[in-house]
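One structure is given below, encoded as structure tokens.
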Ligand SMILES: [Zn+2]
């Protein structure tokens, strides 16, 4: 794994996750299917932010978004295809990718640092492109979130 990853606020629980732990999880939760999927897939746009990794498995029919959070005692996952709250093969494949291809994960913390250094006009250009790319994102402009359990965005941006 890239040593730089450690400098940018990646959670120790995620950083300390071992190959052995992922293999055990794979066998317990997916009967080894996670490994097969990892070997057969290309994971699009892998990212890391603190204790969370995300990625997309794309195929012809759909764009499958997967998120895995690693805490001290538990791993929580979300998968847009499986949605059953259990650890699925996509989540396990993403964890294998984190272990073996950690360098490929874009650190959101880096992007936030870049945003902090930008001028207002540059930020507006970026936000405009985000809105034009997916008009659903207009909700972030219309309604500011009242509470966000995941992290304190105000604290990050100040
Ligand atoms: Zn899944």
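Being in a helix (DSSP H, G or I) and over 12 Å from the mean Cα position of the chain (by Cα) holds for only one residue in 28, 61, and it is 28.
Being farther than 28 Å from residue 127 by Cβ, buried (at least 17 other Cβ atoms within 10 Å of the Cβ) and at pLDDT below 95: is that true of residue 14 here?
Values: farther than 28 Å from residue 127 by Cβ: yes; buried (at least 17 other Cβ atoms within 10 Å of the Cβ): yes; at pLDDT below 95: yes.
It is true that residue 14 is farther than 28 Å from residue 127 by Cβ, buried (at least 17 other Cβ atoms within 10 Å of the Cβ) and at pLDDT below 95.
Is there a residue in the stretch 80-90 that is in the same structural domain as residue 44 (by TED's automatic domain parsing), buried (at least 17 other Cβ atoms within 10 Å of the Cβ) and under 19 Å from residue 50 (Cα atoms)?
The first filter runs over the stretch 80-90 and keeps only residues in the same structural domain as residue 44 (by TED's automatic domain parsing), leaving 80-90.
Filter once more, so that each one left must be buried (at least 17 other Cβ atoms within 10 Å of the Cβ): 87-90.
If we keep only those that are under 19 Å from residue 50 (Cα atoms) too, we end up with none.
So far as the stretch 80-90 goes, no, none of its residues is in the same structural domain as residue 44 (by TED's automatic domain parsing), buried (at least 17 other Cβ atoms within 10 Å of the Cβ) and under 19 Å from residue 50 (Cα atoms).
Counting just the residues of the stretch 24-58 that are within 15 Å of residue 81 (Cβ to Cβ), buried (at least 21 other Cβ atoms within 10 Å of the Cβ) and in contact with a strand residue (DSSP E or B) (Cβ under 7 Å, 6 or more places away or on another chain), which one comes out modelled with the highest pLDDT? Step by step, filter the stretch 24-58, then rank; the result is 55. Among the numbered criteria (1) over 18 Å from residue 19 (Cα atoms); (2) in the same structural domain as residue 17 (by TED's automatic domain parsing), which one does residue 76 miss? The failed condition is (1).
Give the residue, chosen from 131, 94, that is surrounded by 10 or more Cβ atoms within 10 Å (Cβ to Cβ) and farther than 30 Å from residue 19 by Cβ.
On the way: 94 fails: farther than 30 Å from residue 19 by Cβ.
Matching residue, one of 131, 94: 131.
Of everything listed in (1) loosely packed, with under 14 Cβ neighbours inside 10 Å; (2) out of contact with any helix residue (DSSP H, G or I) (no Cβ under 6 Å at 6 or more places or on another chain); (3) under 14 Å from residue 101 (Cβ atoms), the single unmet condition for residue 19 is (2).
What helices (runs of 4 or more DSSP H) lie completely within the stretch 68-158 and have 3 or more residues being modelled with pLDDT of 95 or more and within 16 Å of the ligand (Cβ to nearest atom)? Outline the logic, then answer.
Details: elements: 89-100, 108-116, 120-133, 138-142, 153-157.
Passing ranges, in order: 89-100.
The values are calculated or read from the model by the stated rules, or taken from the named source; none is laboratory data. Bear in mind the structure is a predicted one, so any value in this text is a computation, not a measurement. Positions of Cβ are generated from backbone atoms using ideal geometry, with glycine treated the same way; all protein chains shown enter the neighbour counts.
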